[in-house]
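Colleague: The structure follows.
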Amino acid sequence: MKVAFVVFTLFLCSEGCPRIISRSEWGGQRSKCTSYLKPPMTYAVIHHTEGNRCFSTSTCSAQMRNVQSYHMKNRKWCDIGYSFLVGEDGNVYEGRGWKTLGAHTLNYNSVGYGICFLGNFTGVAPGTKALNAAQQLIKCAVSKGMLKSNYILKGHRQLGSTKCPGNTLYNIIKKWPHWQ
Ligand SMILES: [Zn+2]
């Protein structure tokens, strides 16, 4: 029993992964996606939703449901487009996750994860908790073998004609490891 407990504890605490709020926890609709990734991925691509910011698990969960509904109903996608989203409550929210092909960055969906900050960060920076959670998620992805150890970090605007992830957030991620 003691060994089992230790293994269980190591599993929970391994890899320094942030808390990831599951789809059922945020009230997500069932994914209709049928295309999958073959990790490890080469790219981590940073986005913002350009929508409302959120600072609590309940309001971020509501934002997740809004974004998913917009992507599924209006854009007719099989699920919320991003792999993971990050709230200013300091939590990561599961989008398509590690294994499902995303719809976040044209031409890069099969080679990268889309990590999206909930909010509009054109003129204001995300809070420290959100910035830390996103960086922790990237490290976690490497330690789980989902992202190559020599991964490339990009802002969405570097890979397509968009201002995403907003000027302020973009200037922040340019200082993060592996940005090029
Ligand atoms: Zn974007």
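The values are calculated or read from the model by the stated rules, or taken from the named source; none is laboratory data. Keep in mind it's a predicted model, so treat the numbers as computed, not measured. Because the Cβ atoms are built from the backbone with ideal geometry, glycine has one as well, and the counts that use them run over all protein chains shown.
Colleague: Which one is nearest to the ligand (Cβ to nearest atom), of the residues in segment 121-131 that are crowded, with 19+ Cβ neighbours inside 10 Å and in a loop (DSSP other than H, G, I, E, B)?
Modeller: Phe121
Colleague: Tell me, which residue of segment 140-176 that is touching a Pro at 6+ places or on another chain (Cβ under 9 Å) and of a type in the set (Lys, Arg) is farthest from the ligand (Cβ to nearest atom)?
Modeller: Here the answer is Lys144.
Colleague: Taking the condition more than 14 Å from the ligand (Cβ to nearest atom), under 24 Å from Trp77 (Cβ atoms), β-branched (Val, Ile, Thr) and in contact (Cβ under 8 Å) with a residue 40 or more places away in the chain, does Val92 pass?
Modeller: Working: more than 14 Å from the ligand (Cβ to nearest atom): yes; under 24 Å from Trp77 (Cβ atoms): yes; β-branched (Val, Ile, Thr): yes; in contact (Cβ under 8 Å) with a residue 40 or more places away in the chain: yes.
Yes: the conditions hold for Val92.
Colleague: Please state which one of Lys163, Lys139 is touching a residue at least 60 places away in the same chain (Cβ under 8 Å) and on the phi < 0 side of the Ramachandran plot.
Modeller: Values: Lys163 fails: touching a residue at least 60 places away in the same chain (Cβ under 8 Å).
The match here is Lys139.
Colleague: Condition test on Leu137, is it among the aliphatic types (A, V, I, L, M) and closer than 16 Å to Asn91 by Cβ?
Modeller: Details: among the aliphatic types (A, V, I, L, M): yes; closer than 16 Å to Asn91 by Cβ: yes.
Considered against the rule, which asks whether it is among the aliphatic types (A, V, I, L, M) and closer than 16 Å to Asn91 by Cβ, Leu137 comes out as yes.
Colleague: Let me spell it out: the conditions are (1) touching a strand residue (DSSP E or B) at 6+ places or on another chain (Cβ under 6 Å); (2) on the phi > 0 side of the Ramachandran plot, and Glu50 meets all of them except one. Which number is the exception?
Modeller: (1)
Colleague: Scanning segment 31-56 for residues that are of a type in the set (Ser, Thr, Tyr) and touching a Lys or Arg at 6+ places or on another chain (Cβ under 8 Å), which turns out farthest from the ligand (Cβ to nearest atom)?
Modeller: Looking at the filtered set, the residue picked out is Tyr36.
Colleague: Moving on to the next point. Give the residues of segment 166-180 that are in a loop (DSSP other than H, G, I, E, B) and free of Cβ contacts under 8 Å to residues at least 60 places away in the same chain, sorted by residue number.
Modeller: The first filter runs over segment 166-180 and keeps only residues in a loop (DSSP other than H, G, I, E, B), leaving 166, 174-178, 180.
If the condition is that a residue be in a loop (DSSP other than H, G, I, E, B) and free of Cβ contacts under 8 Å to residues at least 60 places away in the same chain, then Lys174, Lys175, Trp176, Pro177, Gln180 are the ones that fit.
Colleague: Among the residues that make up segment 6-15, is at least one of them modelled with pLDDT under 95, under 26 Å from Thr105 (Cβ atoms) and touching a Cys at 6+ places or on another chain (Cβ under 7 Å)? Steps first, answer last, please.
Modeller: Initial filter on segment 6-15 (modelled with pLDDT under 95): 6-15.
Cutting the leftovers down to under 26 Å from Thr105 (Cβ atoms) gives us 15.
Now narrow it down to the ones that are touching a Cys at 6+ places or on another chain (Cβ under 7 Å): 15.
Checking segment 6-15: at least one residue is modelled with pLDDT under 95, under 26 Å from Thr105 (Cβ atoms) and touching a Cys at 6+ places or on another chain (Cβ under 7 Å).
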